[in-house]
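S.K.: This is the structure I have questions about; it appears just below.
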Amino acid sequence: MLHTPNQQQIVSGVQFDNMGRRGEADRFPIHILYSGSLQGTDISQNSIRGSHQRCIVLDGTGNVTIASNVAVDNYGNCIDIGPNATDNTIRYVDALLHCSI
């Protein structure tokens, strides 16, 4: 989701298998980039398995809720919040313990 200001995004109940591209910039299973404030955006109850680069990435985006996602056998950080992302909520992080580098 790239440059979608003021557009609420809901990604819920999706299974992502073998996504992401290691060694390529901005290639992640779930990536919200430079969208400003996205009040009401919810990334929850998703399964991310075998990602080749990270799982959920936010940068330049605020007011997003990330909750109750499960990630297994992934490369890199499961959740990556960039320096330009503010006012986001991350809940139930303990479901993300199976990521590896």
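The values are calculated or read from the model by the stated rules, or taken from the named source; none is laboratory data. This structure is a prediction, so every number in the text was calculated from the model and none was measured. Reconstructed Cβ throughout: ideal geometry from the backbone, glycine too, with neighbour counts over all protein chains shown.
S.K.: Residues in region 55-81 that are modelled with pLDDT under 90 and in a loop (DSSP other than H, G, I, E, B): how many?
M.R.: Of the residues in that region, 3 qualify.
S.K.: For the structure I just gave you, tell me whether residue 87 is of a type in the set (Asp, Glu) and under 16 Å from residue 10 (Cα atoms).
M.R.: It is false that residue 87 is of a type in the set (Asp, Glu) and under 16 Å from residue 10 (Cα atoms).
S.K.: Quick one: what pairs do we get from region 71-83, first residue more than 17 Å from residue 15 (Cα to Cα), second of a type in the set (D, E, K, R) and in a strand (DSSP E or B), C-beta under 7 Å, 6+ apart or different chains?
M.R.: 82/59
S.K.: Picking from 42, 26, which residue would you name as being touching a strand residue (DSSP E or B) at 6+ places or on another chain (Cβ under 9 Å), among the acidic types (Asp, Glu) and part of a loop (DSSP other than H, G, I, E, B)?
M.R.: Step by step, each of 42, 26 is checked, and only 26 is touching a strand residue (DSSP E or B) at 6+ places or on another chain (Cβ under 9 Å), among the acidic types (Asp, Glu) and part of a loop (DSSP other than H, G, I, E, B).
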